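Trainee: Pasting in a structure now, in structure tokens, and then I'll have a few things to ask.
The values are calculated or read from the model by the stated rules, or taken from the named source; none is laboratory data. Fair warning: this is a prediction, and the values are worked out from it, not measured in the lab. Cβ coordinates were reconstructed from backbone atoms using ideal geometry, including for glycine residues, and neighbour counts include every protein chain displayed. The area values use the complete protein model at the heavy-atom level, side chains included, leaving out ligands, DNA and RNA. Shrake-Rupley method; radii C 1.70, N 1.55, O 1.52, S 1.80 Å.
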Amino acid sequence: MATVSTYLNFQGQTEEALAFYAKAFGTQVTDLHRFSDMPAMGTGELPAEEKNLVMHAELPILGGHTLMATDMLRSMGQEVRIGNNTTLCLEPGSREEADRLYAALSEGGSEGQPMGDMPWGAYWGVTLDRYGIRWMINQQSA
């Protein structure tokens, strides 16, 4: 089933922020992975202070909506700023729909990571559209 969620980027505060949101919504984090949990993705060895940061976490809130979050890595030149701190995450039902959405949203846009197979088993990409809105496409293999 196709879904839409909101992806939040933090600079080392993901766990703290999600604990705050969990309390506000009366729910709990349902999924949490640290950078140290993932195989190296061509990035080399992370500094010790970044290994325990959150690579991906999920927190259900209202009406079936999920907040997802990650910590950005300074060692990779990532800095949280307006324009990259919130992303709409689309999870289409097929690779073809993922490619179609990525192409449509990328038109006239800037920045991005082209669609590709990821170590966590998804077909994934991200783009900043012409209006400054970030879109993540995450198609999970069936």
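Trainee: Is it the case that L62 is over 22 Å from Q139 (Cβ atoms) and either touching a residue at least 24 places away in the same chain (Cβ under 8 Å) or crowded, with 16+ Cβ neighbours inside 10 Å (or both)?
Mentor: Yes, satisfied.
Trainee: Is it true that some residue in region 83-91 is touching a residue at least 60 places away in the same chain (Cβ under 8 Å) and assigned to a loop (DSSP other than H, G, I, E, B)?
Mentor: Yes - at least one qualifying residue is present in region 83-91.
Trainee: Let me ask something else about it. Would you check if T70 is surrounded by 12 or more Cβ atoms within 10 Å (Cβ to Cβ) and among the polar types (S, T, N, Q)?
Mentor: Criteria met by T70.
Trainee: While we're looking at this one, here's another question. Of these, Y102, Y123, which one is among the hydroxyl-bearing types (S, T, Y) and not in a strand (DSSP E or B)?
Mentor: Being among the hydroxyl-bearing types (S, T, Y) and not in a strand (DSSP E or B) holds for just one of Y102, Y123, which is Y102.
Trainee: Right, something else. Considering only region 68-91, I want to know if a residue exists there that is over 16 Å from the mean Cα position of the chain (by Cα), farther than 25 Å from G12 by Cβ and modelled with pLDDT of 90 or more.
Mentor: no
Trainee: Quick one: I133 ticks every box in (1) at pLDDT below 95; (2) β-branched (V, I, T); (3) out of contact with any Gly (no Cβ under 9 Å at 6 or more places or on another chain) except a single one, so which number is it?
Mentor: (3)
Trainee: Right, something else. Identify all residues within region 2-16 that are part of a helix (DSSP H, G or I) and under 26 Å from Q140 (Cα atoms); write none if there are none.
Mentor: Matches in region 2-16: T14, E15.
Trainee: If a residue must be of a type in the set (K, R) and either free of Cβ contacts under 8 Å to residues at least 40 places away in the same chain or in contact with a helix residue (DSSP H, G or I) (Cβ under 9 Å, 6 or more places away or on another chain) (or both), how many such residues does region 94-109 contain?
Mentor: 1
Trainee: I want to confirm something. Restricting to region 17-30 and keeping residues that are assigned to a helix (DSSP H, G or I) and in contact with a Leu (Cβ under 9 Å, 6 or more places away or on another chain), which single residue is surrounded by the fewest Cβ atoms within 10 Å (Cβ to Cβ)?
Mentor: Residue satisfying both the conditions and the ranking: F25.
Trainee: How many residues, within region 48-59, are part of a helix (DSSP H, G or I) and either within 24 Å of G109 (Cα to Cα) or open to solvent by 40 Å² or more (accessible area, probe 1.4 Å) (or both)?
Mentor: Final tally of qualifying residues: 3.
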